[in-house]
Amino acid sequence: MLQLENITKKYTKENQTILALNGVTLKASEGEFVVVSGASGSGKTTLLLAAGGLLKPSSGKIQINSTDIYNLTQEERSVFRANNIGFVFQQYHLIPYLTIIENVKVPMLANKSNISDKEVIELIDSLGLKDRLHHIPAELSAGEKQRTALARALLFKPKILLADEITGNLDPENIEIVMNRLADFKNSGGTILLVTHDKEVSKKADRIVYLEKGEILRS
Amino acid sequence: MNINKLVLKEIVRRKLNFFLGLISVVFAVTTVTGALTMLKIHDLKTGEIIAQKELETSERMIILEDDYRKIMKNLGFNLLILPKDQNLNDLYADDFASKYMPESFVDSLAASPSMLIRHLLPSLQQKIEWPEKRRTIILTGVRGEVPFLHKDPKEPMMVAVPKGTMIVGYELHNSLDIKTGDELKLMGRTFKIEKCNEARGNKDDITIWIDLQEAQELLQKEEEINAILALKCHCSGSDLASVRDEVYSVLPGTQVIEKGTSVLARAEARDRAAKEAQDAILSEKIHRNNLRKERENFASILVPLVLLTSTLWIAFLFIINVRSRKSEIGILRAVGVKEISIMKLFLYKALLIGLSGAFIGYFLGFGIGSIWGGLFSVSFFSVSQFALTLLFAPLLALLAAYIPATIAARQDPAEILRED
């Protein structure tokens, strides 16, 4: 379970304090698919990064399965992230000199759990990329890149998947593939926090949270 | 998937970045190795040149000394020990001494531990009328070389005239038609002609040499002589005062004059030649040392400059590398890769650049240094120097990459991921 309690995040930029998140409280249970929606600059990505242990909030507490992630040291948080959280971003962040199978295996740099090549290939196959195993990202379409990024996030079967505008660059066919895979993840007990503007995608969520100026308007 | 594989994949992907870093290390190692090899060759060549010059000098000195010995032998003696009361004007006018001293003087000198005189030849000379032939002659009695008691016997420079025989100067035997083997009377005593000398162009041509004792008897000068010819040691050409002091300490009743100036001049020339040869060697040493210093100075400026430039260049390349890999660093941090692993991504690459550069640069520098030094030999290859290169070149690359690697590891992943 993901639990955010009264999260505030302040930035100081050119002597001005910007309140990116203001007292955000949010819970997402196991097997729950939560969409975070809102205008640009409303704090969606900040919320996602804070929930993933990458951006320490100015105040408040974030717990994942009862672990206060910001009570951990940076090194411990890295290990925790490797074991529990999957990230997918709109810009994919694939490593350009690695093949698809190698990109999917990148989390193995942090997580020493043993996963066989067969399991990795099955995961990639489940996203329709079996023919692309040994291609590099530059040889893939946007949809294929995003599916590769999703495969990478799902490699260690994380408890929580944090996704930021992952359908923004995709055509309907690829959106369907990605959403089906998210549904599978949710059905297997995973928690999804998806930032999106796409109303069609939002319809598939269990719950939609609207953010405005760093505050939750409604959910 | 592991860090090493990621490093190798990145190198293959970004060949230019790796290649530029490699060139930098190769350049630095080549410069250092080249300079060291060149200096090593310089030292070896210096040793060879000096050894060759010393050998040449030594050979020249052996020839000079041999010439000197021959010259000394041909010219006779270079010192004349005379009775103290001998008037030198008379000596120079008559070309022989007219005063006498005991023959025992020569034995006293031979018994002394002389360091400077090598050969002693006592003689008794007197200008007389050869009654049987009515000719003025110089009768010279000699007993050959008197050996020193305290020295190893040397080959005598002049042998004695056997009793009952005589050696006749050129003018005498030529004008009187005397032949070797003839028997002649001198002052009533019969002598057999032992040898007829070649022309010498001096008083020797009117001289007759007989045994010293016989001469003493004929001239009624028993156990007396009037000169000791002394041949000074050839190892010193300008220490007449020392020789005099040595003679006076044994024979206070004598005087010592220099005879055979040309011998001394040649001895001095020999010494001068030896000194010039030594000076030439010294001059060559100075020249080679100066050349080494020039090369050392050049290397001492060039090497640090190249090392500094290479370090800065590698650091610059790694900063560029870090900037171009921001997205990669962001996602690696997001998936849980630790800071230290991010650092390893860059430091392992630096290590590979350093090791490859050390390997290539050492052999390149070895070759260039050999060409520069003008001598190629595998004996200049130093395992310890190679090992040190394999240690220090990677250290240099690691040092250069450390700050960029730290910057990479400390980048805020949230900031990177948000920017994208």
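Condition check ((1) hydroxyl-bearing (Ser, Thr, Tyr); (2) under 30 Å from A:LYS199 (Cβ atoms)) across all residues:
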site	(1), (2)
A:SER58	yes, no
A:SER66	yes, no
A:TYR70	yes, no
A:GLU76	no, no
A:VAL88	no, yes
A:LEU98	no, no
A:GLU122	no, no
The conditions are (1) part of a helix (DSSP H, G or I); (2) crowded, with 20+ Cβ neighbours inside 10 Å; (3) within 14 Å of chain A (Cβ to nearest Cβ), and B:SER310 fails exactly one of them. Which is it? (3)
Scanning for something within 19 Å of the chain's Cα centre (by Cα), free of Cβ contacts under 8 Å to residues at least 24 places away in the same chain and either away from every other protein chain (no Cβ under 11 Å) or surrounded by 15 or more Cβ atoms within 10 Å (Cβ to Cβ) (or both), does region A:17-31 turn up at least one residue? no
Could you identify the single residue in A:THR191, A:THR167 that is open to solvent by less than 50 Å² (accessible area, probe 1.4 Å), of a type in the set (Ser, Thr, Tyr) and at pLDDT below 90? A:THR167
Please tell me if A:THR8 is surrounded by fewer than 23 Cβ atoms within 10 Å (Cβ to Cβ), hydroxyl-bearing (Ser, Thr, Tyr) and either touching a strand residue (DSSP E or B) at 6+ places or on another chain (Cβ under 7 Å) or under 17 Å from A:PHE87 (Cα atoms) (or both). yes
Go through (1) surrounded by 16 or more Cβ atoms within 10 Å (Cβ to Cβ); (2) closer than 30 Å to A:LYS10 by Cα and name the single condition B:ASP412 misses. (1)
What about A:LEU47, is it within 20 Å of A:VAL201 (Cβ to Cβ), not charged (D, E, K, R) and not in a loop (DSSP other than H, G, I, E, B)? yes
Take the residues in region B:323-336 that are of a type in the set (Gly, Ala, Ser) and farther than 9 Å from A:ALA110 by Cα; name whichever of them is surrounded by the most Cβ atoms within 10 Å (Cβ to Cβ). B:ALA334
Is there a residue in region B:392-407 that is of a type outside the set (D, E, K, R), in a helix (DSSP H, G or I) and over 24 Å from B:VAL306 (Cα atoms)? yes
Quick check: is even one residue across region A:148-156 among the small types (Gly, Ala, Ser), more than 19 Å from A:GLU30 (Cα to Cα) and out of contact with any Pro (no Cβ under 6 Å at 6 or more places or on another chain)? yes
Please state which one of B:SER249, B:SER242 is over 24 Å from the mean Cα position of the chain (by Cα), modelled with pLDDT of 85 or more and open to solvent by 50 Å² or more (accessible area, probe 1.4 Å). B:SER249
Given the criteria part of a helix (DSSP H, G or I) and more than 50 Å from the chain's Cα centre (by Cα), does B:GLY330 qualify? yes
Kindly check whether there is at least one residue in region B:107-117 that is more than 17 Å from B:PRO252 (Cα to Cα), in the same structural domain as B:VAL247 (by TED's automatic domain parsing) and not hydrophobic (A, V, I, L, M, F, W, C). no
Under the condition of being part of a helix (DSSP H, G or I), farther than 18 Å from A:LEU150 by Cβ and free of Cβ contacts under 8 Å to residues at least 24 places away in the same chain, which residue from region A:77-120 is farthest from the other protein chains (Cβ to nearest Cβ)? A:LYS118
Looking at A:ILE7 and the list (1) at the interface with another protein chain (Cβ under 9 Å from one of its Cβ atoms); (2) at negative phi, which single condition is not satisfied? (1)
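When you scan region B:36-44, do you find a residue that is within 14 Å of another protein chain (Cβ to nearest Cβ) and open to solvent by 30 Å² or more (accessible area, probe 1.4 Å), even just one?
So far as region B:36-44 goes, no, none of its residues is within 14 Å of another protein chain (Cβ to nearest Cβ) and open to solvent by 30 Å² or more (accessible area, probe 1.4 Å).
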Scope region A:33-79; condition under 23 Å from A:PHE156 (Cα atoms), open to solvent by 30 Å² or more (accessible area, probe 1.4 Å) and among the hydrophobic types (A, V, I, L, M, F, W, C); matching residues: A:LEU72, A:VAL79
Please work out which residue is nearest to the other protein chains (Cβ to nearest Cβ), limiting yourself to region A:50-76 and to residues that are without any contact (Cβ under 8 Å) to a residue 24 or more places away in the chain and not in a loop (DSSP other than H, G, I, E, B). A:GLU75
Within region B:185-201, residues under 44 Å from the mean Cα position of the chain (by Cα) and open to solvent by 80 Å² or more (accessible area, probe 1.4 Å) come out as B:GLU198, B:ARG200
Sort through A:THR167, A:THR196 and tell me the only one that's among the hydroxyl-bearing types (Ser, Thr, Tyr) and touching a Lys or Arg at 6+ places or on another chain (Cβ under 9 Å). A:THR196
Candidates A:GLY168, A:GLY128, A:GLY143 - the one that is in a loop (DSSP other than H, G, I, E, B), of a type outside the set (A, V, I, L, M) and away from chain B (no Cβ under 14 Å): A:GLY128
Give the residues of region B:337-372 that are more than 22 Å from B:ALA387 (Cβ to Cβ) and surrounded by fewer than 24 Cβ atoms within 10 Å (Cβ to Cβ), sorted by residue number. B:LYS338, B:GLU339, B:ILE340, B:SER341, B:MET343, B:LYS344, B:ILE371, B:TRP372
Could you please let me know if B:LYS15 is surrounded by fewer than 20 Cβ atoms within 10 Å (Cβ to Cβ) and either within 14 Å of chain A (Cβ to nearest Cβ) or of a type in the set (Val, Ile, Thr) (or both)? yes
Search region B:173-190 for residues that are within 26 Å of B:GLN220 (Cα to Cα) and pair each with any residue that is among the basic types (Lys, Arg) and surrounded by 16 or more Cβ atoms within 10 Å (Cβ to Cβ) when their beta-carbon atoms are under 7 Å apart and the residues are at least 6 apart or on different chains. none
Looking at (1) under 45 Å from the mean Cα position of the chain (by Cα); (2) assigned to a helix (DSSP H, G or I), which is the one condition that is false for B:LEU345? (1)
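The values are calculated or read from the model by the stated rules, or taken from the named source; none is laboratory data. Keep in mind that what you see is a predicted model, and the values were worked out from it rather than measured. Virtual Cβ from ideal backbone geometry, glycine too; neighbours counted across all protein chains shown. Just so you know, the surface numbers come from the protein's heavy atoms only, side chains and all, with ligands and any DNA or RNA stripped out. Shrake-Rupley method; radii C 1.70, N 1.55, O 1.52, S 1.80 Å.
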